[in-house]
Amino acid sequence: MTLLLESALRSLLLGLLVWALLKLMRLRDTVSETIIWTFVLIAALSMPLLSHYLPRLLVTLPHLASSAAPAAGRSLSAADQAAPGVLWAAAHGQLIVSLLYLVGLMACLGRLGTGLFMTLRLYLSAVPVRADWVRGRRIRASAALKSPASLAHTILLPADFTTWNPAKREAVLAHEAAHIARADFFVQLAASLHRALFWFSPFAWWLQSKLAEIAESASDEAAVRRLNDPLMYAEILVEVARCAHAAPLLVAMAKGPLIQQRIDRILCATATRNLSPALRVLVVASLTLVALTVASARAAVAADPVGTAGTAPLRPLHVTVARTTTRALLRQALAARPHRPLSHATAPASQPAAVPDDGARVSYNPRALLDPVYVAPRPYVPASTLVHAGRTFYIRSNEPPVAEVAVADGK
């Protein structure tokens, strides 16, 4: 689960970098966008292997002062740690997360397998089309279809294709032939597999939708070039969309909720900014370097160079949390104790032993009511001890401890 979560985060970071780069370039080239986002999909699918086997590239993070960490944090007390709910969650948390992931994975894989089965059954039930306009293309017709679609290397048409005029038929065939030439069925299959493996990542769902959007835009451009009439093709697209229905794993002509955006793009005829083949190779090479860097990057924090002359070694990033009390709470605890006058004085006793806490000046204070741990303010002053009537009193002062204390009668 840790590897999957890290891979999802790395893929998200790679996708954000690519999205920002395309926005900066203002790229409107469907061919280049297809190549770039397909590369991102391949990198995201292979991210678990890349992050596991690539050599680690350490990225040094700035060191934070360790003195602020104990004052801001709070650890679980012994009573909290002994709570049954906390212990049960700590022992079974990983198991629960793994079970939840498996449930989501099985649901997505089940949906994907069902779609493949229904697609194969639809393909087998379709009848090959024999006509002069087929021109050697694999075309089948099925009464179960309401709109044209493509499956691998085959174009699927609804049963009423015989009523279409030649312009509509040519537009539909050009659109679906563009899907086949771009291998959009296999790209969508890989995107569905990526979404199933990383179903908990919003980026996996967005990437599949983005690839489908680019595929439809590229096929629309091919059909418009074939007809050379954007207005007529927009009318054909609206007519086909009225009869369209959702079909799993089929790359349909009017599939998806972006029909209005596609029509606006067709009618606006915005000038595209195409990249040359050399620039496409350069972009892919740059993205490969970025993907390898994202996959191999590891964060490291430099140790606090206190008392060292050379460069401090790197240490893993961790947070040390300690239970502390404020001076106000300590004063309230001491004020709550009843005051008893001293009748005689004794010599100072030995200082209580300090408890090591990763270099922090922490000692146990039996006089505190609310918290057994006391963090001494700086500068640190050792405790002096007075024993009276079998009880021990701890006094902290900048003055040296007194040898005797005289108490007048009746005071």
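Scanning segment 136-182 for residues that are within 30 Å of residue 45 (Cβ to Cβ), surrounded by 17 or more Cβ atoms within 10 Å (Cβ to Cβ) and of a type in the set (A, V, I, L, M, F, W, C) turns up 149, 151, 155, 156, 177, 178, 180.
Select from segment 16-45 the residues that are of a type in the set (Asp, Glu) and either at pLDDT below 90 or on the phi > 0 side of the Ramachandran plot (or both) and list them in ascending order. Result: 29, single match.
When residues in segment 166-187 are screened for being touching a Leu at 6+ places or on another chain (Cβ under 7 Å) and within 17 Å of residue 209 (Cβ to Cβ), 2 of them pass. Among residues of segment 7-24 that are more than 14 Å from residue 290 (Cβ to Cβ), those with a Cβ under 7 angstrom from a residue that is of a type in the set (Gly, Ala, Ser) and not in a helix (DSSP H, G or I), sequence gap 6+ or separate chain, pair up as 8/201.
Regarding residue 200, is this residue outside any helix (DSSP H, G or I) and either surrounded by 22 or more Cβ atoms within 10 Å (Cβ to Cβ) or within 30 Å of the chain's Cα centre (by Cα) (or both)?
Numbers: outside any helix (DSSP H, G or I): yes; either surrounded by 22 or more Cβ atoms within 10 Å (Cβ to Cβ) or within 30 Å of the chain's Cα centre (by Cα) (or both): yes.
Considered against the rule, which asks whether it is outside any helix (DSSP H, G or I) and either surrounded by 22 or more Cβ atoms within 10 Å (Cβ to Cβ) or within 30 Å of the chain's Cα centre (by Cα) (or both), residue 200 comes out as yes.
Regarding segment 140-159, can at least one residue be identified that is without any contact (Cβ under 8 Å) to a residue 12 or more places away in the chain and of a type outside the set (S, T, N, Q)? Steps first, please.
From segment 140-159, those without any contact (Cβ under 8 Å) to a residue 12 or more places away in the chain are none; that's our starting set.
No, there is no match, as no residue in segment 140-159 is without any contact (Cβ under 8 Å) to a residue 12 or more places away in the chain and of a type outside the set (S, T, N, Q).
Considering (1) at pLDDT 85 or above; (2) outside any helix (DSSP H, G or I), the lone condition that residue 58 does not fulfil carries the number (1). Of the residues in segment 169-192, at least one is in contact with a Cys (Cβ under 9 Å, 6 or more places away or on another chain) and closer than 26 Å to residue 8 by Cβ.
Taken together, the criteria place residue 186 among residues that are without any contact (Cβ under 8 Å) to a residue 40 or more places away in the chain and of a type in the set (Phe, Trp, Tyr). Pick from segment 246-276 the residues that are part of a loop (DSSP other than H, G, I, E, B) and surrounded by fewer than 11 Cβ atoms within 10 Å (Cβ to Cβ): which of them is modelled with the lowest pLDDT? Here the answer is 257.
The values are calculated or read from the model by the stated rules, or taken from the named source; none is laboratory data. Quick caveat: nothing in here was measured; it's all calculated off a predicted structure. Cβ coordinates were reconstructed from backbone atoms using ideal geometry, including for glycine residues, and neighbour counts include every protein chain displayed.
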